[in-house]
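The values are calculated or read from the model by the stated rules, or taken from the named source; none is laboratory data. The model shown is predicted, which means the values in this text are computed figures rather than measured ones. As a convention, Cβ positions derive from the backbone with ideal geometry for all residues, glycine included, and neighbour counts pool all protein chains shown. For accessibility, only protein heavy atoms count, side chains too; no ligands or nucleic acids. Shrake-Rupley method; radii C 1.70, N 1.55, O 1.52, S 1.80 Å.
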Amino acid sequence: MEKPTQSLPEFQAPELYDFIITRARSLELAAPLSPEDQGLQSMPDASPTKWHLAHTSWFFETFILREYATGYVPFRDEFAYLFNSYYQSVGPQYRRAQRSMISRPTCGEVLQYRSHVDVHITDLVNTLRGPNRAKVLELLELGNQHEQQHQELILTDIKHALSFNPLYPVYREADEETVVDAPDLGWHEIVGGLHEIGHAGKGFSFDNEGPRHKVFVQPFRVASRLVTNAEYVQFIEAGGYQDPGHWLSDGWDWVNATFNVNTAPNQNTDSARNGHPLYWTRLDDQYREFTLGGLVPLNPAAPVSHVNYYEANAYANWAGKRLPTEAEWECVARCTGTAANPHGNFLDFNRLQPQPAAGTGIQQLFGDLWEWTSSAYSAYPGYAIPEGAVGEYNGKFMCNQFVLRGGSCVTPPGHVRASYRNFFPPATQWQFSGIRLAEDI
């Protein structure tokens, strides 16, 4: 992999360690991409890599440097408009769906912008004393976590963009996989009653992870691993995408709009007759999957990925099961002891793909794939949106979205917790999302 071309400042304050590491990782993710790659935007929900690199710098500049660095001179005033994502209280934003139209600044200028911000953040943290220091350090940690989220988006967005290229370009050559069988699907029983969920104690958390509160959970069982590609193929071959009985009404509308299942028989294509997850294609009567390592044969033992909420829910219905609620998912993490030390297949340049389950007990709870829950994304009891512009970070999105838990193979290590709540609209496929089943007792 190419080395980052942006020079990073030296630092003395220990509070800067995570900042420097995080900023360097973003450049490592961008290094395999050409300037042409970095300008791609394949849909309104995705953004160009160059935009992610600039926006994360805008975050530090806007919420820390402009507010707390005496005499700070912005790199370019126009960037306040170009790289604001959705912070209405900060000012207007360039239209999201047209971010690929921003050919200037160039990739080189964006790196200069990042260096400018890094130098000034380093100087501020090294020298600032007094009552504002604690607030700056709090915002610095939020900025680091925010950039880690965008590191994940860099990979999900460029995968979507490269998938449209018939040359099946490789972002990075992946290690050769050893084909193994997935362990048999087992079931683990969770005792019902009052449980506590939400973040508590020391350590960073986003505002939507609290307050910690009690929930009553009925006894239930949860699957020991994620649903595999081979199991999802059975759903497809059983006519899963042709039977409206498995699908929510909105989901069935999505199926018809996406796969044209109601097209006249003599007009049907393979994809119309057989819906399938995003990035799957059928060549020589075999399923293949587009990955960050290019087009590869579908690994039957790996967990099925890039399914949306509608597909996850339909599969669960077909299997005679259901999706867990987010409270149940967190109870599993806490009751099985995995919450204390979340580990799994997180962002690693040697993989960048979900891996088959291995071992016994609850597997793949963290890493590999974000797991859809049946819970709508809404506020916890007692939640209050934080004051100021950073209050727009999470609270205003609590509508028309579903919660996902656990992180994925492109989530930076150490970024997620048992209380971490990701959220996306139900039709979202381009995220690394998968299926864990549950059932009532």
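The calculated Kirkwood hydrodynamic radius for the chain is 23.1 Å, given to one decimal from all distinct C-alpha pairs. In percent, rounded to a whole number, the relative contact order of the range 319-368 is 36, using alpha-carbon pairs under 8 Å and six or more apart. The listed residues Cys335, Cys107, Cys409, once ranked by accessible area (1.4 Å probe) with the largest placed first, stand as Cys335, Cys107, Cys409.
Counting only protein chain heavy atoms and rolling a 1.4 Å probe, the accessible areas of Phe397, Phe216, Phe432 rank, largest first, as Phe216, Phe397, Phe432. How many percent of the accessible area of the chain is carbon or sulfur, using a 1.4 Å probe? Taking all protein chains in place, the chain shows 51 percent carbon and sulfur surface. Helical runs assigned H by DSSP (4 residues or longer) give the chain a calculated mean residue ellipticity at 222 nm of -9000 deg cm²/dmol, each run adding -39500 (n - 2.57) before division by the residue total.
Starting from the Cα gyration tensor of the range 239-386, take the square roots of the eigenvalues, sort them a ≥ b ≥ c, and report rounded, prolate or oblate (rounded when a/c is under 1.5, otherwise prolate if a/b is larger than b/c, else oblate). Oblate. Near Ile385, once Lys and Arg are set to +1 and Asp and Glu to -1 for all other residues with Cβ below 12 Å from its Cβ, the sum equals -2. The distance between label points at Ser89 and Glu173 comes to 5.0 nm (points 7 Å beyond Cα on the Cα→Cβ vector). Close amide H partners of Phe423, meaning residues 5 or more places away or on another chain with modelled amide H under 5 Å apart, are Leu404. Residues of the chain: accessible area per residue at 1.4 Å, in Å²? Roughly 43 Å² per residue, with all protein chains present. Remark on Gly434: its backbone amide H falls under 5 Å from those of Trp370, Glu371, Trp372, a criterion applied only to residues 5 or more positions apart or on other chains, H modelled at 1.01 Å from N.
Within a straight-line Cα-Cα reach of under 15 Å, Lys214 can be paired with the following aspartates and glutamates, leaving aside sequence neighbours fewer than 8 residues apart in one chain: Glu196, Glu326, Glu328, Glu330. Ranked by solvent-accessible area (1.4 Å probe, protein heavy atoms only, all chains present), the residues Glu141, Glu152 order from largest to smallest as Glu141, Glu152. For the listed residue pairs Lys50/Lys396; Lys135/Lys396; Lys321/Lys396, the alpha carbons are over 30 angstrom apart in Lys321/Lys396. Charge tally for Arg436 (other residues, Cβ to Cβ under 11 Å; Lys, Arg +1; Asp, Glu -1): +1. Between the range 281-295 and the range 332-378, how far is it from one alpha carbon centroid to the other, in angstrom? One Cα centre to the other: 25 Å.
Here the Karplus relation 6.51 cos²θ - 1.76 cosθ + 1.60, evaluated at θ = phi - 60°, turns the backbone of the range 151-165 into coupling constants of 4, 5, 5, 4, 6, 5, 6, 6, 4, 4, 5, 5, 5, 7, 8 Hz, with x for every Gly and Pro. Exposure check, 1.4 Å probe, all protein chains in place: His306 carries approximately 0 Å² of accessible surface.
Working note: Karplus 6.51/-1.76/1.60 with θ = phi - 60° gives the range 34-48 the couplings 6, x, 5, 4, 5, x, 6, 9, 8, 6, x, 6, 9, 9, x Hz, where Gly and Pro are set to x.
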